[in-house]
Amino acid sequence: MNLKKTLLASALMSLALGAVQTQAADVPAGVKLADVQELVRGGGAEPATLDPQKVEGTPGSHRTRELFEGLYNLDGDGNLTPGVATSYTTNSDNTVYTFNLRKDAKWSNGESVTAHDFVFGFQRAVDPVTASAYAWYVEIPSIVNASKIINGKADVKSLGVKAVDDYTFEVTLERPVPYFVKMTSHQTLFPAPRKVIEKYGSEWVKPGNMVSNGAYKLDSWIVNEKMEMVRNDQYWNNEKTVIDKVTFLPLENDSADLKRYEAGEIDITWNLPSDHFKRLKKESPDEVIITPQLGTYYYQFNTKVEPYNNPDVRKALSFAINRDVITKYVTGVGEQPAYTFTPSIVNGFNPETPAYAKMTQKEREAEAKKLLQSAGYDKNNPLTFNLLYNTNDGHKRIAIAIASMWKKTLGVEVTLENQEWKTYLETRKAGDFQVARAGWIGDYNEASTMLDLLTSTHGNNDGKYSNAEYDRLLNEAKTMKNPSINYNKAEEIAINQDMAVAPIYTYVTKRMKKPYVGGYQPNPEDNIYTRDMYIIAH
Amino acid sequence: MLTFIFKRIFEAIPTLLILITVSFFLMHSAPGSPFSSERSLPPEVLANINAKYHLDEPVINQFFYYLGGVLQGDLGPSFRYKDFTINELVAQSLPVSAEIGIWSFIIAVVIGVSCGIYAALRQNSLVDYFVMAFANIGIVLPNFVLAPLCILFFSIYLKWLPAGGWNDGAWPYLVMPVIAMSTSYIAQIARITRGSMIETMHSNFIRTARAKGLPSYRIILQHALRPTMLPVISYLGPAFVGIITGSVIVDVYFGTGGIGQHFINGALNRDYSMVMGVTILVGSLTILFNAVVDILYAVIDPKIRY
């Protein structure tokens, strides 16, 4: 049993025993705290909304996690920790989950957080009137009638959720989904304050109107300048919260983010510009925080277009990419070369190293030449294509490097084609490409968040890869207690055998953090909570 | 004059209508939609969202909905900032950009005009070369270089000024945005003033004035200044609109929350109503200030009468 599985088992055990292991600022003995406990965080782009059921994108998730709390949270290792729920039980076939809610959980206006608020929150997420872009998130665990409600074929009240009493919340699934409880840490499944929403309508998320149940409450929001949150003294674990105020600065530009950090105005940045990485690592090594992220940067092949419908061609192109060179010299901030689609840091699954990853790069290149020749291409009859990517310097550098690797090893003639973001998305969606840059960040810490993408019916499978056995394995995995066997087989088929996509590297989150900020817990999902942090006297 | 003003208002209506129509259809013909994202939405989810924003209806219907709203002063909901309407966003961000803009404008006019006149009167002297060199640097030095340089110097090394933020326009937060915003305008105004002044000083009526033995200061202030200012004023009208509607660079680098970044982000995010909102705003202001320029012309130049 590897370390991750041990951790998962111990976390599940502690839940079963009802042990209360919560997340909160854990200040080590002897640490002197600063008098002023205020934190300023670089917040990435301005979020589209603060409405938990409508939030999309990581900047929004980071902010709503401060303001709201769901049934469970995930700790730094991706394990469950209690949120509003203290424990749960399931029926014999794992389709009915009954959550016991804590009685001291309160909204910021002092009212209790009850099972009815969860019922309302879950219903809002699927209600066509809400028009949430994350409605599909409720379909994934197959909550009864979720799909029908989204399609307008069933009433929102028929959703498989029920308040048994004020503090007992019941969810019924159409089929057992082992990772359902983990999914409750996502904002789409947070509770919603019905009275406030009914009173203010869409205005309920504005400062002054908003009522929230997390460690912080919204104090002010000036679009594109700042968002301030102050301690919610009604929060059930408020005693353990140390930071009194957290400010998010919406800085989409990494360089502006870094400058304000260097000027001492930001304590934790959102990102850091790769160009500055070497300098910062040298000048302030303790402040640079690099964390592997649950996401893969890859090149996607249009499997419906010749010759990319031939796995040999796809493999040849993938084998000829020297991933070590890319991660060491092109991206160069600690990304790990990727040979599987699922990053190895995912919770509960340790992907086996595929055969091609065990070869040396020289062997891979020799094999690549053979494969491409067998497909009818060589230096006299070179393969030519366009490589599509969205306009961005980083993607351009990688594309240039890979194009030259292909040219050198295989004699392939590549034309780089960059498009502005929305145009690029449209082109990819329309299948109007041969090879395209792509990336995918997991929504929850479980391998299916990555692997589902390559199933034939997935809306984001833009390369239109299709393999019946792969689909079957993934579908079967959804109800398996230990789906790792299927996941390994799926990886073997989609990557080692078919090379549906060419994984290149595992994403990292890169941040600068002042040494006086304690309690920062980096993790693959980037679930960062200010309530875990504290400012050390400095 | 009154007839002139009414005429201009009357002309502005069809101009704005054409502007709105062309921008609306251009914007809607751009590939992608406000809701296209890397994580493509299931069709049923997308259908619900499109229905909410009338995007499932023919573009022409959407156009009339939009136009109806505009006539009532409602610029519609933002497709990007879903918790806000365009009216709210403009109300929040325009005053910020306007404050930075008005300061920058005043500084640009005072310094630009003074430098231009001074350089013109000492044509081909060291002072002239210095002013013109500064002007050329100011024009070619883009503010995306100037802004980070300012932050590096004033905030990181000297620690005199905050690197960003707005804080209701407290003066330390104003200094760097105003420097970044006004530099290129100072340079442009100095160049135009100098050129115009040199030309005026070579004209017949100035020669006559000199022949009459008038002292230099009287020639400059009474006779040369007015005609010199005419080309400057025609530059200042549109420049004023540009300067008070902010700059994406200033907003991005200094995190001021001004309206400038809505221009670029609106287009990139396909936030249709935002793009339309700022287009209408800039369009109306341009028409307004062009009219102001025409009126000023009449005030300065007695030959011009409406």
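Grab the other residues whose beta carbon is less than 14 angstrom from that of A:K153, score K and R as +1, D and E as -1, and report the net.
On the way: positive: A:K148, A:K157; negative: A:D127, A:E139, A:D155, B:E44.
Taking every Cβ under 14 Å from that of A:K153, the sum is -2.
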Report summary line: Computed about the Cα centre, the charge dipole of the protein assembly as shown from +1 Lys/Arg and -1 Asp/Glu charges at the Cβ has a magnitude in debye, to the nearest 20, of 2280
Query - For region B:47-61, 3J(HN,Hα) per residue [Karplus equation, 6.51 cos²θ - 1.76 cosθ + 1.60, θ = phi - 60°, Hz, x = Gly/Pro] - result: 4, 4, 5, 4, 5, 4, 9, 6, 6, 8, 9, x, 4, 5, 5
Report summary line: With label points set 7 Å from each Cα along the Cα-to-Cβ direction at A:D77 and A:K429, the distance between them in nm comes to 4.1
Report task. Output the relative contact order of chain A, whole-number percent, from Cα pairs under 8 angstrom with separation of 6+ residues. Result -> 20
Report summary line: The farthest towards the positive end of the charge dipole of region B:1-143, of the residues B:P31, B:P58, B:P142, given +1 on Cβ of Lys and Arg and -1 on Cβ of Asp and Glu, is B:P142
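For A:K162 and A:K103 in one chain, what is 0.36 nm times their gap in residues minus the Cα-Cα distance, to one decimal in nm?
Values: separation 59, 0.36 × 59 = 21.24 nm, distance 1.74 nm.
Result for the pair: 19.5 nm of gain on full extension.
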Requested in this report: Mind checking which of A:P141, B:T208, B:L94 is farthest towards the positive end of the protein assembly as shown's charge dipole, using Cβ charges of +1 (Lys, Arg) and -1 (Asp, Glu) about the Cα centre?
Outcome: B:T208
**Report entry** Partner chain coverage, peptide B:266-279 - average Cβ within 10 angstrom
**Finding:** 1
Report task. For each pair in A:K106/A:K240; A:K362/A:K407; A:K259/B:K159; A:K315/A:K370; A:K162/B:K52, compute the distance between the two Cα atoms and list the pairs where it is over 19 Å. Result -> A:K162/B:K52
Query raised in the report: Roughly to the nearest percent, how much of the accessible area of region A:215-298 is carbon and sulfur, given a 1.4 Å probe?
Result: 41
Requested in this report: Any chance you could check the Cα centroid distance between region B:123-158 and region B:167-187 for me, in angstrom?
Outcome: 14
Query raised in the report: With each pseudo-label sitting 7 Å past Cα toward Cβ, what's the B:K303-B:L26 distance in nm, one decimal?
Result: 3.6
Report task. Evaluate the distance, in nm, between pseudo-label points positioned 7 Å from the Cα of B:V145 and of B:Q222 along their respective Cα→Cβ axes. Result -> 4.6
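Evaluate E = 1/(1 + (r/R0)^6) for A:E38 and B:K7, where r is the Cβ-Cβ distance and R0 equals 45 Å; express this FRET efficiency to the nearest 0.05. Please list the in-between numbers first.
Values: r = 57 Å, r/R0 = 1.28.
The pair A:E38/B:K7 has a calculated efficiency of 0.20.
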Requested in this report: Run down the aspartates and glutamates and flag those whose C-alpha is under 15 Å from the C-alpha of A:K481, throwing out any fewer than 8 positions away in its chain.
Outcome: A:D93, A:E446
Report task. Work out the FRET efficiency for B:A211 and B:V175 from their Cβ-Cβ distance, taking R0 = 56 Å, and round it to the nearest 0.05. Result -> 0.70
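Ordered by packing density, taken as the mean number of other Cβ atoms within 10 Å over each peptide's residues, highest first, how do A:369-380, A:110-121 rank? Display every interim value, and only then the final one.
Working: A:369-380: 15.7, A:110-121: 20.4.
With the highest mean Cβ count within 10 Å placed first, the list reads A:110-121, A:369-380.
Return the value, in Å² to the nearest 100, of accessible area buried between chains A and B (probe 1.4 Å, both sides summed). Intermediate values should be presented prior to the final figure.
Values: alone 22330 and 16790 Å², together 35020 Å².
The summed interface area works out to 4100 Å².
Dipole magnitude of region A:361-495 about its Cα centre, charges +1 at Lys/Arg Cβ and -1 at Asp/Glu Cβ only, in debye to the nearest 20? Write down the numbers at each step before the final one.
Numbers: 18 positive and 19 negative charges, 73 e Å.
Roughly 360 debye, rounded to the nearest 20.
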Requested in this report: Check the straight Cα-Cα distances from A:K422 and name the lysines below 19 Å, setting aside those fewer than 8 residues away within the same chain.
Outcome: A:K396, B:K82
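Need the full-extension length gain, B:E88 to B:V292, defined as separation in residues times 0.36 nm minus the C-alpha distance. One decimal, nm.
Length difference between fully extended and current span is 70.7 nm.
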Query - Cα-centred dipole magnitude for region B:102-209, charges only on beta-carbon of K, R (+1) and D, E (-1), debye, nearest 20 - result: 180
Report task. Could you name every residue in region A:240-273 that has 10 Å² or more less accessible surface in the full protein assembly than in its own chain alone (probe 1.4 Å, ligands and nucleic acids excluded)? Result -> A:L251, A:E252, A:N253, A:S255, A:A256, A:K259, A:R260, A:E262, A:A263, A:E265
Query raised in the report: Which one of A:L383, A:V508, A:P522 is farthest out on the positive end of the charge dipole of chain A, using unit charges on Cβ (Lys, Arg +1; Asp, Glu -1) and the Cα centre as origin?
Result: A:L383
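The values are calculated or read from the model by the stated rules, or taken from the named source; none is laboratory data. Since we're looking at a predicted model, the values are computed, not measured. Heads up, the Cβs are rebuilt from the backbone with ideal geometry, glycines too, and the neighbour counts pull from every protein chain shown. We work out accessible area using only protein heavy atoms, side chains counted, and drop any ligands, DNA or RNA first. Shrake-Rupley method; radii C 1.70, N 1.55, O 1.52, S 1.80 Å.
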